[in-house]
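Encoded as structure tokens, the structure appears first; notes follow it.
Read-outs throughout are calculated quantities, based only on the coordinates presented, and are distinct from any laboratory measurement. Note that the structure is predicted; figures quoted are calculated from it, not measured. Neighbour counts run over all protein chains shown; Cβ positions are idealised from the backbone, glycine included.
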Amino acid sequence: AGVGHIDHAFYRHHGHRPDQAKPGIVFFHGGAFNIGAPSNFYAQAQYLARRGLVAISVEYRIRSRHQTTQREAIMDAMSAMRWIRRHTTELGLDPRRIAVAGGSAGGFLAAAVTTLTGLDEPGEDTTTSTRPNALILFNSMIDRGPGSRAFAKVEAAMGDRWKTISPLHNLYPDFPPTIHFLGTSDKNISVESARKMKAEIERIGGRCDLHLYPGQEHGFFNYGRGDNTHYRLTLIETDKFLTSLGYLSGPPTL
């Protein structure tokens, strides 16, 4: 797609033309930076495209296929967002209404392109912003500070530079509206950390909707999990969230 090792899957509503600027959504899949594929979010992308968005699911480098680290995944996410923003005209995207979404590790990447800086591909033109206009998180870790599950590893690797890799510690005024979906039995992401994120975003005057699902574990929202009840529930709430922002209109059609 013009950025070397990154590939994208695009979904558009039937009849959409590039000269009709539509809101968009960009998905980053999960998989602990080791496994996973853009297809993890194809079901959500296809539904939202039918509802009128331009939906994009991004492939980035992962350890099992490319022998890379989390650092390369972050660089790819930054590059992908810049490529999309530079090509809004060709893609028929409204640059003022681009949401980013991700699950698990992909949720961290979604939060990273929203908050972090200085983690770009060497030599990349960074004049184009990576920041989205809305943030949608599915069981996502964005706190890598003291007391977090990841802090020991982050501090060992980065010392006092740990803040550069913790989205929660890089919030800013006019933070984009955010929604977070989390199961209360998730062993990777604590309810406490999600509530802390909500409180911090609201403290700076932003919006953060938190939806907790009793007894649900990590990845509960994925298409194909059980009878798809929580895939549907979280997608309906995503639809309502985007409708509240003016990205969609009318009731969910799922």
ask   = Which shape class, rounded, prolate or oblate, goes with segment 100-223 when its Cα gyration tensor gives a ≥ b ≥ c as root eigenvalues, a/c under 1.5 marks rounded, and past that a/b bigger than b/c marks prolate?
value = prolate
request  = Could you run the Karplus curve 6.51 cos²θ - 1.76 cosθ + 1.60 with θ = phi - 60° over segment 57-69 and give me ³J(HN,Hα) per residue in whole Hz, x for Gly and Pro?
outcome  = 10, 9, 9, 10, 5, 10, 5, 5, 9, 10, 6, 10, 10
remark   = Check: C-alpha center segment 55-91 vs C-alpha center segment 109-125, spacing in Å is 10
message = Tell me the mean residue ellipticity at 222 nm calculated for the chain from its helices only (DSSP H runs of n ≥ 4, each -39500 (n - 2.57), averaged over every residue, nearest 500).
response = -9500 deg cm²/dmol
task = Using only Cα atoms, locate the centre of segment 155-200 and the centre of segment 224-254, then give the distance between them in Å, rounded to an integer.
result = 23
remark   = Relative contact order of the chain (C-alpha contacts under 8 Å, at least 6 apart) in percent is 17
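For Cα pairs less than 8 Å apart in space and 6+ apart in sequence, what is the mean separation divided by the residue count of segment 136-188, i.e. the relative contact order in percent?
It rounds to 51 percent for segment 136-188.
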query = Given R₀ = 41 Å, FRET efficiency for residue 236-residue 161 by Cβ-Cβ distance, to 0.05?
reply = 0.55
request  = Compute the signed sum of charges (Lys and Arg +1, Asp and Glu -1) over the other residues within less than 15 Å, Cβ to Cβ, of residue 188.
outcome  = 0
key: 3J(HN,Hα) from dihedral phi, segment 31-46, Karplus parametrisation 6.51/-1.76/1.60, rounded to Hz, x for glycine, proline   = x, 6, 6, 10, 10, x, 7, x, 4, 4, 10, 4, 4, 5, 4, 5
key: Distance violations [Cα-Cα > 24 Å] among 22/196; 22/240; 187/240   = 22/196; 187/240
remark   = With +1 on the Cβ of every Lys and Arg and -1 on the Cβ of every Asp and Glu, the dipole magnitude of segment 144-254 about its Cα centre, in debye rounded to the nearest 20, is 240
query = Per-residue HN-Hα couplings for segment 114-120, Karplus 6.51 cos²θ - 1.76 cosθ + 1.60 at θ = phi - 60°, whole Hz, x for Gly and Pro?
reply = 7, 10, 8, 9, x, 10, 9
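For a test of the definition: using alpha carbon positions, the gyration tensor, and the 1.5 limit on a/c, classify the chain as rounded, prolate or oblate.
rounded
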query = Once the Cβ-Cβ distance between residue 67 and residue 191 is put in as r, and R0 is 35 Å, what FRET efficiency do you end up with, to the nearest 0.05?
reply = 0.50
ask   = Where does each of 92-100, 213-221 land if you order them by average Cβ count within 10 Å, highest first?
value = 92-100, 213-221
task = Taking amide H positions as placed in the peptide plane 1.01 Å from N, state which residues far from residue 190 in sequence (5 or more) or on other chains have amide H under 5 Å from it.
result = none
task = Determine, at each q value in 0.17 (inverse angstroms), the log₁₀ of I(q)/I(0) that the Debye formula gives when each Cα of segment 50-151 is one equal point scatterer.
result = -0.82
key: residue 223 versus residue 153: modelled label distance in nm, points set 7 Å from Cα along the beta carbon direction   = 2.9
ask   = For the pair residue 124 and residue 212, how long in nm is the line joining their label points, each one 7 Å along Cα→Cβ?
value = 3.5
query = Which of the peptides 223-231, 114-122 is most tightly packed, and how do the rest follow, going by the mean number of other Cβ atoms within 10 Å of each residue?
reply = 114-122, 223-231
request  = With only Lys, Arg, Asp and Glu charged, each at its Cβ (+1 for the first two, -1 for the last two), find how big the charge dipole of segment 50-118 is about the Cα centre; round to the nearest 20 debye.
outcome  = 100
